[in-house]
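All of the numbers you see were taken from the coordinates with simple rules; none came from a lab. Just so it is clear, the model here is predicted, and its values are computed rather than measured. We place every Cβ from the backbone using ideal geometry, glycine too, and count neighbours over all the protein chains shown.
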Amino acid sequence: MLPFKTLQEAESAIGRSLTTAETIWFNYSANKSDYYLYCHNILFLFLIFSCVPLYYLFLEIFFRKSIQSYKIQPKVNLSLSDVFRCYKVVMRMFILVVGPLQLVSYPSVKMIGIRTSLPLPSLWVILLQLGTYFIVEDYTNYWIHRFLHCKWGYEKIHKVHHEYTAPIGFAAPYAHWLEILILGIPSFLGPAIAPGHMITFWLWIAFRQIEAIETHSGYDLPWSITKYIPFYGGADYHDYHHYVGGQSQSNFASVFTYCDYIYGTDKVISVLWVFIFGLQVPFCNHTDSYTMLLLISQGYRYQKKVLQQLKGASNSNGEQNGGSATFAKDCKDD
Ligand SMILES: [Zn+2]
Ligand SMILES: [Zn+2]
């Protein structure tokens with residue numbers, strides 16, 4: 001709730017006229033409690049979990065032939081009832097875990113200093129904070145995810161998320177309730193380190209989940225703008241992790257590729273090989289530093305060749321839950 005009763009009061013407190021965005025924010029939030037504003041995340045998450053995967057489902061139903069070449073595991077086709085089953089489980093977890101977690105976590109959000117007040121942060125501040133949140137989340141998530149792949153963590157918790165060896169968008173939040181709670185920590189850590197405005201917090205929660213859905217979509221769509229983000233993992237990167245399954249000891253990172261690269265868990269033929277085989281890599285004729293960054297970050301795309309070899313050997317895979325766990329177990333990762 002804002003400490004101003006009128007726009008004039010807000011303007012005199014800030015010492016300037018409100019921008020259009022600030023006026024909209026004032027009109028919307030002036031009489032709403034901070035707790036109520038924070039709980040908007042429940043609605044946002046519900047809409048994201050329900051609607052964003054529909055985009056991929058829509059493409060699959062109506063443009064199947066056109067996008068087939070972008071499907072990462074083309075031999076795997078889930079029925080609509082399988083997809084709906086996945087969504088039902090996700091919604092049950094949403095009602096029992098995600099929603100209540102949002103409802104009770106408000107004191108910690110208040111404690112770290114997420115504010116709803118005016119003035120609003122500039123676009124640059126928002127982008128800088130979102131970038132920080134993604135980096136912090138990626139790093140922390142990497143280590144938790146690695147832990148979840150130890151025998152105990154996998155058998156007791158992480159196995160549920162790996163039921164889909166060929167993931168779909170709806171399966172991004174498909175996980176054991178404890179994993180949902182544990183992975184709330186990396187999402188919370190960034191805002192705790194660099195607390196910002198409630199709007200930034202909403203954007204963070206939304207973008208992180210949209211990113212996770214893209215990563216689990218099962219499609220490596222060439223028009224995705226995330227392809228221009230250096231060191232971005234993307235769908236094929238994470239798909240490989242799911243494909244290998246429980247024995248996977250690579251591609252742990254949730255967003256970027258550099259943690260796996262630094263800690264030696266990337267399913268990447270080293271940068272050296274990328275340069276040696278540079279002729280097969282896009283942008284290989286250029287030598288500017290940005291291109292080099294893209295080149296390095298896309299080195300993992302060589303794993304796709306490995307994946308295709310594996311796919312060639314698994315013609316009979318993939319009727320249920322996106323593939324055969326048996327084959328994944330036979331497949332030595334690294
Ligand atoms: Zn995993
Ligand atoms: Zn996953």
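Overview of values
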| quantity | calculated |
| --- | --- |
| Gyration tensor (Cα) of segment 71-179, equivalent ellipsoid semi-axes in angstrom | 31, 18, 17 |
| ³J(HN,Hα), Karplus 6.51/-1.76/1.60, whole Hz, each residue of segment 61-71, x for Gly, Pro | 6, 9, 10, 3, 5, 5, 9, 4, 5, 9, 6 |
| For segment 100-241: relative contact order, % (alpha-carbon pairs under 8 angstrom, 6 or more apart) | 31 percent |
| For segment 1-121, size of Cβ-based charge dipole, Lys and Arg +1, Asp and Glu -1, in debye | 540 debye |
| Ranked list, fewest to most other Cβ atoms within 10 Å of each Cβ, for 76, 136 | 136, 76 |
| Separation of alpha-carbon centers, segment 136-188 and segment 47-97, rounded to whole Å | 19 Å |
| Added length on full extension, which subtracts the Cα-Cα distance from 0.36 nm per residue, residue 24 to residue 43 | 4.9 nm |
| Alpha-carbon radius of gyration plus Dmax, which is the widest Cα pair, for segment 75-128 in Å | 18.8, 53 |
| Amide hydrogen neighbours beyond the local backbone of residue 172, cut-off 5 Å, H modeled | none |
| Members of 65/227; 32/110; 75/227 lying beyond 18 Å, as alpha-carbon distances in this model show | 65/227; 75/227 |
| Residues with amide H under 5 Å from that of residue 32, placed H, sequence gap 5 or more | 2 |
